[in-house]
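The values are calculated or read from the model by the stated rules, or taken from the named source; none is laboratory data. Just so it is clear, the model here is predicted, and its values are computed rather than measured. Backbone-built Cβ (ideal geometry, glycine too); neighbour counts: all protein chains shown.
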Amino acid sequence: MIVLELELTDDGSARALIEGQLLQRRVFVAGARDVLPPVPCSVVFTLLGQRVTLAGEIVYAQATEPGAGVGVQLAPLPADAKALIDVYLASGDLPMPEPPGPDADASELPDETPSGVALTEADGGAPPDALHVRMRALTSVEQRRYATTGSLAERVMLERLYGPNVWEALLGSGRLSMPEVATIARKGTIPRPLVELIASNAGWLASGEVQRALLSNPRSSPAVISKILRMMPKHELARVPNQTAYPISVRSAAKEMIKGAKG
């Protein structure tokens, strides 16, 4: 089978390609290739350190410049790939991972076929939506196990399916990425003790994404709001009173803090 490699070299181009092509189940891969459509293929790329393989069919090919390349019609995106993409798109500006150097320790390299991301039956992996099917009937014990040992795609699916039942276990796992923490932090139904737990983690609270999530959450206490506002650079703090996405209590607290600094 023909394997087409997508190079997601920077955040801006990666987002444009994902939103404008992959989510529309089509993609153009530049480069001359001697193929006669239609022909099955797989499209592979690395996102958030995970290797993704999507099934498709080459439906257009041009071998000469300018515009040499192939057009691919993709099969429906599997649930685990869609979950990974959703995390990336919700994550704000993230640097693309650097390719490993020639001297990198093999134990430090990302798994090329991580759990839940070998995505097509043609590649010997799980059929579409297998992750959703596998996880939608977990027992409470199994939910806690996935919260502490699951892959990124599995954790995202777990949070989507079970929400409040797994927030505490996910936050206590020590494995969450900042976008995952921010996703939970902005939930308006999160219990206050979990808000306090997030706000007590210096590593999480140093993230602007987590700060914004907590400031937008009406469950955040005045103490949490004050703590975050004090951490903000002056130019960011100055914008808070005009951010209508924040509750009035947050905007008022920011105004008072700015006024106090001037006085």
Requiring at least 1 residues that are of a type in the set (D, E, K, R), the helices (runs of 4 or more DSSP H) wholly within the stretch 124-222 are 130-135, 140-149, 152-162, 164-172, 178-185, 192-199, 208-215
Go through the stretch 51-84 and count every residue that is among the small types (Gly, Ala, Ser), in a strand (DSSP E or B) and closer than 30 Å to residue 151 by Cβ. 2
Please go through the stretch 132-174 and pick out each residue that is in contact with a Phe, Trp or Tyr (Cβ under 6 Å, 6 or more places away or on another chain) and surrounded by fewer than 22 Cβ atoms within 10 Å (Cβ to Cβ). 143, 154
Restricting to the stretch 239-253, what's the tally of residues that are of a type in the set (A, V, I, L, M, F, W, C) and surrounded by 14 or more Cβ atoms within 10 Å (Cβ to Cβ)? 3
All conditions in (1) at pLDDT below 90; (2) touching a Leu at 6+ places or on another chain (Cβ under 7 Å) are true of residue 198 except (1)
